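Enquirer: The structure that follows is given in the form of structure tokens.
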Amino acid sequence: MGLGLQVLFTAEFWAMGEHGFFVWTSYGFCALAFGLLAGLSIMATKRHERELTALDPSRGRGSVRARARATPPEKG
Amino acid sequence: MRIVDRLQPWLFWGFVLLLPIGLYKALIDSPADYQQHDTVRILYIHVPAAILAQSAYMLMALGSASFLIWKHPLGDLSARALAPIGAVLCLICLVTGSVWGKPTWGTYWVWDARLTSMLILLFLFLGYMALANAFDDPARGDKPAAILAVVGVVNIPIIKFSVYFFNTLHQQSTLFSEGGPAMPPEMLIPLGLMFAAFVCLFLWLYAVRLRGEFAKVRLRAIRSGLIRREVNGARDRGLAEGAG
């Protein structure tokens, strides 16, 4: 706590000199918007790459895993 | 794509490292403004979002221009990957600016030249995305969307110079003013750190989305190849049965 981080536990810090609503709304919205964009982007990219490796296992990253999934080991 | 794959973890960890330092400097270490008090801390997300939204549009227009002139497919993929990132940055800029406007100007919104031109930029991003995805065959949307992106570039100098040409509530540039930034180092350093964190996040998101767009195009090519093979096979079978 040598960096002055104890200020995080004070009401004055969160109040931001009576402007807390404006400051935290802005930072909160920014975090939410970036979080949503990052989450949706990662999900869409993973979905496309999964479909791609399923259609053509010889291509792309993780193709070994995809090939293993596409051809399950024979039993017995 | 190999370069993108290699850079991606560096950009992510750069963002993870820079963000807490930037937030500490912006929210705890930097002083409050003598006029705007603590609301000035909105600056540390508002300004990077504004600069990067305009940069995203410029890159999108460059990609679209390269697609229109040289038919370079990467230009179109790059523009498609950038549009949602630019739209989100533009939205962040508008929302944080609006929230900052209430305690500073006494209103959330005015039809001021800077604010309106920034809103038009958001509509350009949304229009690009709508146009690029408006057709059943996505390849048909490439050209009209690219033309829209290139034509929309005219809005960028309007945003930049709106505070000089028009009588606006929005202040003039403090960062890129004549004689250097009109800002004390106590505020300039957190702004620089937050800007660097935003750049890392922007480039990381761009890399993720570019990989996704690349995979989407390859998927489309494989699927259309499979359909073509099936159609040709069916036609050959039909011919063989007819001959028999």
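Taken together, the values in this text are just the output of simple stated rules run on the coordinates, not laboratory data. Nothing here was measured: the structure is a model prediction, and the numbers come from that model. Cβ sites come from the backbone with ideal geometry, for glycine too, and all protein chains shown count toward neighbours.
Enquirer: Using alpha-carbon pairs under 8 Å, 6+ residues apart, how would you state the relative contact order of chain B in percent?
Expert: After rounding, I find 30 percent.
Enquirer: While we're on this one: Past the 20 Å Cα-Cα mark, which pairs from A:K46/B:K143; A:K46/B:K216; A:K46/B:K71?
Expert: Among A:K46/B:K143; A:K46/B:K216; A:K46/B:K71, the Cα-Cα distance tops 20 Å for A:K46/B:K143; A:K46/B:K71.
Enquirer: Compute the long axis of helix B:155-165 from its Cα atoms, compare it with the longest principal axis of the Cα atoms of chain B, and write down the angle in degrees, 0 to 90, nearest 10.
Expert: The two axes meet at around 20 degrees.
Enquirer: If you fit an axis through the alpha-carbon atoms of helix B:113-132 and take the longest principal axis of the Cα set of chain B, what angle between them do you get, 0 to 90°, nearest 10?
Expert: 10 degrees
Enquirer: Which one of B:A139, B:V153, B:V199 has its Cα pushed farthest toward the positive end of the charge dipole of chain B, where Lys and Arg give +1 and Asp and Glu give -1 at the Cβ?
Expert: B:A139
Enquirer: With a 10 Å Cβ neighbour count serving as the proxy for reagent exposure, in which order, fewest first, do B:M60, A:M43, B:M183 appear?
Expert: A:M43, B:M183, B:M60
Enquirer: Taking Cα atoms, how many degrees apart are the long axis of helix B:142-151 and the longest axis of chain B, rounded to 10 and kept between 0 and 90?
Expert: Helix B:142-151 sits at roughly 30 degrees to that axis.
Enquirer: Taking the Cβ of each residue in A:R50, B:R211, B:R223 as the centre, tally the other Cβ atoms inside 10 Å and list the residues starting with the fewest.
Expert: The fewest-first ordering by Cβ neighbours comes to B:R223, A:R50, B:R211.
Enquirer: Let me confirm one metric for peptide B:83-89, namely the mean number of other chain beta-carbon atoms within 10 Å of its residues' beta-carbons.
Expert: Average neighbour count from other chains, rounded to a whole number: 3.
Enquirer: Could you work out [θ]222 nm for chain B from helices alone, using -39500 (n - 2.57) per DSSP H run of at least four and dividing by all its residues? Round to the nearest 500 deg cm²/dmol.
Expert: The helix contribution divided over chain B gives -27000 deg cm²/dmol.
Enquirer: To continue, here is another question. Magnitude of the Cβ-charge dipole of chain B, K/R +1 and D/E -1, about the Cα centre, nearest 20 debye?
Expert: 900 debye
Enquirer: Additional query: Using each residue's phi in the stretch B:181-194, evaluate 6.51 cos²θ - 1.76 cosθ + 1.60 at θ = phi - 60° and report the 3J(HN,Hα) Karplus result to the nearest Hz, with x for Gly and Pro.
Expert: Result, ordered by residue: x, 8, 8, x, x, 4, 9, 5, 5, x, 5, x, 5, 5 Hz.
Enquirer: Sort B:T174, B:T107, A:T45, B:T96 by Cβ crowding within 10 Å, fewest neighbours at the top.
Expert: So the ranking, lowest neighbour count to highest, is B:T107, B:T174, A:T45, B:T96.
Enquirer: Let me ask another. Please give the peptides A:34-41, B:126-133 ranked by average Cβ packing (other Cβ atoms within 10 Å per residue), highest first, as a rough proxy for protection.
Expert: Result, highest mean Cβ count within 10 Å first: B:126-133, A:34-41.
Enquirer: Still on this structure, I have one more. May I ask which residue of B:L23, B:L74, B:T96 lies farthest towards the positive end of the charge dipole of the stretch B:1-156, with charges of +1 (Lys, Arg) and -1 (Asp, Glu) on Cβ and the Cα centre as origin?
Expert: Result: B:L74.
Enquirer: Separate question: Just add up the charged neighbours of B:G141: K/R +1, D/E -1, any other residue whose Cβ is under 14 Å from the Cβ of B:G141.
Expert: 0
Enquirer: Any lysines with Cα under 27 Å of the B:K25 Cα? List them, leaving off those in the same chain fewer than 8 positions away.
Expert: Straight-distance partners of B:K25: B:K102.
Enquirer: Quick one: dipole size for the protein assembly as shown, taken about the Cα centre, charges +1 on Lys/Arg Cβ and -1 on Asp/Glu Cβ, in debye to the nearest 20.
Expert: It comes to approximately 1660 debye.
Enquirer: Then there is this: Using the Karplus curve 6.51 cos²θ - 1.76 cosθ + 1.60 with θ = phi - 60°, work out ³J(HN,Hα) for each residue of the stretch B:197-211 in order, rounded to whole Hz, and write x for Gly and Pro.
Expert: 5, 5, 5, 4, 5, 4, 5, 5, 4, 4, 5, 4, 5, 5, 4
Enquirer: Read phi for every residue in the stretch B:61-77 and hand back ³J(HN,Hα) as whole Hz from Karplus 6.51 cos²θ - 1.76 cosθ + 1.60, θ = phi - 60°, with x for Gly and Pro.
Expert: Each residue's phi maps through the Karplus curve to give 5, 4, x, 5, 5, 5, 5, 6, 7, 9, 6, 6, x, 5, x, 5, 4 Hz.
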